[in-house]
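Structure record follows, encoded as structure tokens.
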Amino acid sequence: MKHFIAISDFTPEEIQHILDVAVQLKAEWKQGGNRPILQGKTLAMVFQKPSLRTRVSFEMAMHQLGGYAFYLSPDEIGLGKRESVADVARVLSRYVDCIMARVFDHKHVEELAAYSRVPVINGLSDYNHPCQAMADLLTVMEKKGRLKGLTLAFVGDGNNVATSLAFATAQVGMNFAIATPPGYELPQAVVEKARALAQRTGSRILTTHDPTEAVRGADVIYTDVWTSMGQEKEREERLKVFPPYQVNAALVALAKPDVIVEHCLPAHRGEEITDEVADGPHSVLFDQAENRMHAQKAILAVLLAGM
Ligand code: CP
Ligand code: NVA
């Protein structure tokens, strides 16, 4: 395993291994005993977009495992503007042991990986958000005690987060149902790739425009913002289309009684999710946010410490 760019790049065994390492490292952390497995290792964190969770969870993950992480702001290095993406990769990778990047254009994280001497981790692109999906799986595993055979229903925009979830669920044998408004479906290539992965693990993928169809009998309901970073110009138009896809108490009531509700955050409360659901008994939003740190510790441990 060299880079961490997309969940679809790995085998089901590799994904399960990262989850197992995450469980182990989280248990050690809970007992107050972080092992300094990343002592002397450094992580550069390149951001073209804002972040709370990704930035802080990666920084704390490195710190707690004995390593060092530093933040490079959007204006600071001008990725692809002040300097070519390839040159940034060539230079940064002479200084650090790992690069994490949050970019607008997915091609840029692939280009960083192509020209970097050290592992590159995708901290979100317009295409996907693989670190998020690992934390999401970890959270489901903790709450449900298993993954295989469960159904995750994604309601909202067929966006970067939905893309990584389609791959992640397929990799672990979870069924994936996604309800989007017409015109906001997952890209066809993503559905095909996810279906190919799902064939290997025996899981099912359903795409629909009907949120009630997606959530009926679901073990997990997932939603995300209707307008992602970089799409701000479309916000007004999207606000007209998406309200029937709100995750509210009436929709949650159609799923299994013990359904859990996930959201990658940040949430636009009152839009894609109501306060009642976000703060209600089914919500696991903040465990999920915490699990970003544990899942990413595992990704770093596998890439940098050969765990
Ligand atoms: N979920 C997530 O990636 O959050 P941030 O944008 O705050 O990093
Ligand atoms: N889909 C959202 C996720 C934020 C973590 C975005 O790209 O803005």
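The overall shape of the chain is prolate: from the C-alpha gyration tensor, with semi-axes ordered a ≥ b ≥ c, the ratio a/c is 1.5 or greater and a/b exceeds b/c.
Local charge sum around residue 161 (other residues, Cβ-Cβ under 9 Å, Lys/Arg +1, Asp/Glu -1)?
Details: positive: none; negative: 136, 157, 224.
Once all neighbours under 9 Å are counted, the net charge is -3.
Remark: relative contact order (the chain) = 20 percent; criterion is Cα-Cα distance under 8 angstrom and separation of 6 or more residues.
Taking amide hydrogens as placed 1.01 Å from N in the peptide plane, the amide H of residue 67 sits under 5 Å from those of 38, each at least 5 positions away in sequence or on another chain.
When peptides 234-243, 113-122 are ranked by their average number of other Cβ atoms within 10 Å per residue, the highest-first order is 113-122, 234-243.
Cα centroids of region 269-283 and region 180-227: 21 Å apart.
Sequentially through region 192-197, phi angles give Karplus couplings (6.51, -1.76, 1.60; θ = phi - 60°) of 5, 5, 5, 5, 5, 5 Hz, Gly and Pro residues having no value and appearing as x.
So, by mean Cβ neighbours within 10 angstrom, what's the order for 219-227, 80-88 with the highest one leading?
Values: 219-227: 24.9, 80-88: 15.7.
In decreasing order of mean packing, 219-227, 80-88 become 219-227, 80-88.
With contributions of -39500 (n - 2.57) from each DSSP H run of at least four residues, the per-residue ellipticity at 222 nm computed over the chain stands at -13500 deg cm²/dmol.
Here is the size of region 120-199 from its Cα atoms: Rg then Dmax, 12.1, 36 Å.
The amide H of residue 154, built 1.01 Å from its N in the peptide plane, has 177, 178, 179, 222 as neighbours under 5 Å, considering only residues 5 or more places off or on other chains.
Work from the charge dipole of the chain (Cβ charges, +1 for Lys and Arg, -1 for Asp and Glu, about the Cα centre) and give the residue of 280, 18, 182 farthest towards its positive end. So the residue furthest toward the plus end is 18. Kirkwood hydrodynamic radius computed over region 216-259 comes to 12.0 Å, based on all pairs of distinct alpha carbons. Residue by residue, region 185-190 carries 3J(HN,Hα) couplings of 5, 4, x, 4, 5, 5 Hz when phi is fed to the Karplus relation 6.51 cos²θ - 1.76 cosθ + 1.60 (θ = phi - 60°); x denotes Gly or Pro. Against the chain, whose longest principal axis is taken from its Cα atoms, helix 53-64 shows a tilt of about 50°. Near the amide H of residue 217, within less than 5 Å, lie the amide hydrogens of 255, 256, all on another chain or at least 5 residues away, with H placed in the peptide plane.
Using θ = phi - 60° in the Karplus curve 6.51 cos²θ - 1.76 cosθ + 1.60, the 3J(HN,Hα) couplings for region 35-47 round to 7, x, 6, 10, 4, x, 8, 10, 10, 9, 10, 9, 10 Hz; x is entered for Gly and Pro.
Basic side chains Lys and Arg get +1 at the Cβ, acidic Asp and Glu get -1 at the Cβ, and with that the dipole of the chain about its Cα centre reaches some 820 debye.
For region 1-72, just run the numbers: alpha carbon Rg, then divide by 2.2 N^0.38 Å, N being how many residues it has. Provide the component values of the computation, followed by the final result.
Values: Rg = 13.6 Å, N = 72, 2.2 N^0.38 = 11.2 Å.
Here the Cα radius of gyration is 1.22 times the empirical estimate.
Taking a ≥ b ≥ c as the square roots of the eigenvalues of the Cα gyration tensor, an a/c ratio of 1.5 or more together with a/b no larger than b/c marks region 29-158 as oblate.
Which peptide among 29-35, 9-15, 182-188 comes first, and what is the full order, when sorted by highest mean count of other Cβ atoms within 10 Å?
On the way: 29-35: 11.4, 9-15: 15.3, 182-188: 13.3.
Top of the packing list down: 9-15, 182-188, 29-35.
For residue 296, the shell of other residues with beta-carbons less than 14 Å away shows a net charge of +4, using +1 for Lys and Arg and -1 for Asp and Glu. Exceedance of the 25 Å cut-off in Cα-Cα distance is limited, within the set 2/41; 49/107; 49/193, to 49/193.
Only the coordinates and a few stated rules stand behind these numbers; no lab work does. Because the structure is predicted, anything quoted here is derived from the model rather than measured. Every residue, glycine as well, gets a Cβ built from its backbone with ideal geometry; the counts of neighbours run over all protein chains shown.
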